[in-house]
Structures are given as structure tokens and as C-alpha cells.
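The values are calculated or read from the model by the stated rules, or taken from the named source; none is laboratory data. On a predicted model such as this, the values are computed, not experimentally measured, just so you know. Glycine gets a Cβ as well: all are built from the backbone with ideal geometry, and neighbour counts include every protein chain shown. Remember, those area values only see protein heavy atoms, side chains included, never the ligands or the DNA or RNA. Shrake-Rupley method; radii C 1.70, N 1.55, O 1.52, S 1.80 Å.
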Amino acid sequence: ELLGIMLDYYDYTLDSAFAKDYLVPYASEAIAFFDNHYRRDENGKLYIHPAQSLETWWNAVNPTPNIAALRYFLPRLTKLPESLIKPVQKEKWQNLFKELPEIPTGTKGGGKVILPAEAYSDRNNSENPELYAIFPYRLYGVGKDKLAMAKHTFAMRDVKGTGGWRQDAIQAAMIGETRIAQEYIISNYASTAKGCR
């Protein structure tokens with residue numbers, strides 16, 4: 001998620017010193033972790049296991065948040081100017097992108113949905129990892145492919161609600177569910193906690 005914030009900052013400011021000193025070095029190490037620490041499957045695709053899908057599914061293969069992050073960041077990184085990235089680095093990132101598995105999908109509630117991972121079990125928390133492909137890794141949403149699948153995934157999410165750290169209001173807005181986003185935002189701003197100003 002930090003890499004996304006850094007890329008957005010660069011996109012808005014075109015601050016090449018920031019990109020050269022912080023963004024590219026950070027991205028290089030973050031991407032290298034996945035490239036170097038996970039093997040490839042029999043089809044030559046990255047195989048992320050052992051892994052978790054956020055804090056929710058403690059046993060996962062190819063968790064959606066990880067795959068979505070790589071699918072979201074790698075194309076953006078390879079579009080950086082040549083003054084910021086070396087050709088060998090760009091080629092390495094392009095090759096890794098080709099090795100990425102697809103976002104895991106399945107069927108639920110009579111429609112196609114994004115899944116939390118290719119395989120997952122051992123639930124221990126209350127996040128909806130499948131929705132990370134909507135936000136913070138903006139692969140699906142208004143004006144993008146497969147909006148109906150994104151909306152159905154949101155509708156079928158296991159944990160519904162708002163407040164605290166939950167991202168449901170943002171994800172609702174990203175897929176055009178304005179009524180839900182509005183309700184959640186009003187609820188969030190109307191909430192109070194004793195002991196807090």
C-alpha cells in the first residue's frame with residue numbers, strides 16, 4: 001500500500017528526486033521479495049505459498065491482495081521514465097508481470113466473484129481480502145473492466161460494515177455504489193468514542 005501512495009505522489013508531483021531516492025529503491029526491494037522468495041509453478045507462474053490472505057485466511061495460495069498489488073504496481077513502475085529506471089530493471093519487472101497468475105475468481109450467490117486467494121482456509125479475522133483488488137489496488141471499479149463482477153463481489157462479501165479500519169465505504173465508492181458509500185460515510189462521521197475528542 002505504501003508503494004501505491006508513493007506512485008500516486010510521483011504521478012501528481014513528477015518529483016524525480018523523490019522517485020529516484022525513495023520510490024524506485026523501495027519498489028525494487030518490495031518487488032524483489034516476491035520475485036526471489038517464491039518459486040514458479042509447473043506453468044511458470046509465480047506461486048505464493050506459504051502465505052496468508054491478509055489476517056483473515058491463514059493458509060492461502062496466491063492471495064488476492066498480493067497478486068492484485070503486483071498486477072497494479074508492475075505496469076505503473078515499467079512506465080516510469082528511463083531517467084529513473086534502468087533497462088535491465090524494467091525488463092525484470094516486465095518478465096515478472098508475465099509470470100503473475102490471474103486474480104482468483106469463482107462463483108458465489110449466482111454470479112462471478114473475486115476470491116480471497118486461489119486456495120484458502122483457516123479463517124481468523126474479519127477482513128475481505130478479495131476487495132483489495134478494488135481498493136487499495138484499483139484493478140476493478142467504475143470505468144474499468146468487469147465492474148459487474150466487482151459489484152457482485154462487494155455484495156457477497158462475508159463481513160459487511162463500516163467504522164474503524166474498514167474500507168467498505170471507499171470500496172463502495174470505487175465501484176459506484178454511492179448509496180452505500182454515503183450511508184457508511186455518514187455513519188463514520190457521526191460516530192463518537194468516549195475518551196476521544
- Task: Search the range 89-116 for residues that are closer than 18 Å to Phe33 by Cβ and touching a residue at least 40 places away in the same chain (Cβ under 8 Å) and pair each with any residue that is outside any helix (DSSP H, G or I) and among the basic types (Lys, Arg) when their beta-carbon atoms are under 8 Å apart and the residues are at least 6 apart or on different chains.
- Result: Glu99/Arg40; Glu99/Lys45; Leu100/Lys45; Pro101/Lys45
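With the range 84-197 as the region, which helices (runs of 4 or more DSSP H) entirely inside it contain at least 3 residues that are surrounded by 12 or more Cβ atoms within 10 Å (Cβ to Cβ) and among the acidic types (Asp, Glu)? First the steps, then the outcome.
Working: elements: 87-98, 147-155, 168-174, 178-190.
Correct list: empty, since no element meets the threshold.
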- Among the residues of the range 1-38, the number that are open to solvent by 100 Å² or more (accessible area, probe 1.4 Å) and either closer than 24 Å to Leu54 by Cβ or of a type in the set (A, V, I, L, M, F, W, C) (or both) is 6
- For Leu74, are the conditions met, namely being more than 19 Å from the chain's Cα centre (by Cα), open to solvent by less than 30 Å² (accessible area, probe 1.4 Å), at pLDDT 95 or above and not charged (D, E, K, R)? no
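Looking at Ala117, Ala68, Ala150 in this structure, which one is hydrophobic (A, V, I, L, M, F, W, C) and touching a Pro at 6+ places or on another chain (Cβ under 8 Å)?
Every option except Ala117 fails the conditions.
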